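**Q** First the structure, then my questions, so here it is.
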Amino acid sequence: MNQNDDYYFEQLASGKEQPEVEAELARANAGAVSPSRPRLRTKRAGSEWADAEPEGQLTVDVYQTPDEIVVESAIAGVHPDDLDITATIDSVSIRGTRSHEKPVQDEDYLYQECYWGRFARTIILPQEVEPEGAEVTFKNGILSVHLPKASKKKTRKLQVRID
């Protein structure tokens with residue numbers, strides 16, 4: 001059972017009329033947080049809880065070709081200057097911010113399914129890559145990070161020498 005279900009049953013138990021309970025539940029759901037937009041909470045003095053700025057998790061597709069690993073993500077509405085992409089030999093991290101061009105008040109939303117604000121994602125890669133050769137493109141709202149696989153020719157078998 002989620003938080004809104006608990007709220008609904010508490011309101012029913014309070015003896016309020018059914019339409020009034022449903023109206024309050026609808027208002028509670030209007031501010032609900034989806035799994036893709038977690039709401040972080042911090043504890044204040046006096047055991048009050050306050051919402052902290054959430055950071056969404058970026059959704060990605062990761063696939064490979066014989067020569068590279070590709071990470072793709074739909075990040076429409078994000079300016080390329082608002083992206084920070086870091087690649088190492090075994091991971092790639094994407095951080096950024098998606099901002100509204102004109103702010104909307106929370107009470108004015110009928111539905112809010114798009115994530116606005118900071119987001120981040122770190123992907124552990126299934127094999128080593130060469131970060132120096134990585135290329136990033138951004139076309140039609142799709143971010144593509146192409147990471148060349150590390151050459152197996154750089155690996156050398158060593159012989160144990162007996163002294």
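For every residue, the table says whether it meets (1) modelled with pLDDT of 90 or more; (2) in a strand (DSSP E or B); (3) surrounded by 10 or more Cβ atoms within 10 Å (Cβ to Cβ).
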site	(1), (2), (3)
Ala45	no, no, no
Val62	yes, yes, yes
Glu72	yes, yes, yes
Asp84	yes, yes, yes
Ser93	yes, yes, yes
Gly96	yes, yes, yes
His100	no, no, yes
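**Q** Which strands (runs of 3 or more DSSP E) does region 110-163 wholly contain that include 3 or more residues that are surrounded by 13 or more Cβ atoms within 10 Å (Cβ to Cβ), touching a residue at least 60 places away in the same chain (Cβ under 8 Å) and not hydroxyl-bearing (Ser, Thr, Tyr)?
**A** Strands (runs of 3 or more DSSP E) meeting the threshold: 117-124, 142-148.
**Q** In region 99-127, how many are hydroxyl-bearing (Ser, Thr, Tyr) and in contact with a Gly (Cβ under 7 Å, 6 or more places away or on another chain)?
**A** 1
The values are calculated or read from the model by the stated rules, or taken from the named source; none is laboratory data. Remember, predicted model here, so these are calculated numbers, not experimental data. Ideal geometry is used to build each Cβ from the backbone, glycine not excepted, and the neighbour counts take in all protein chains shown.
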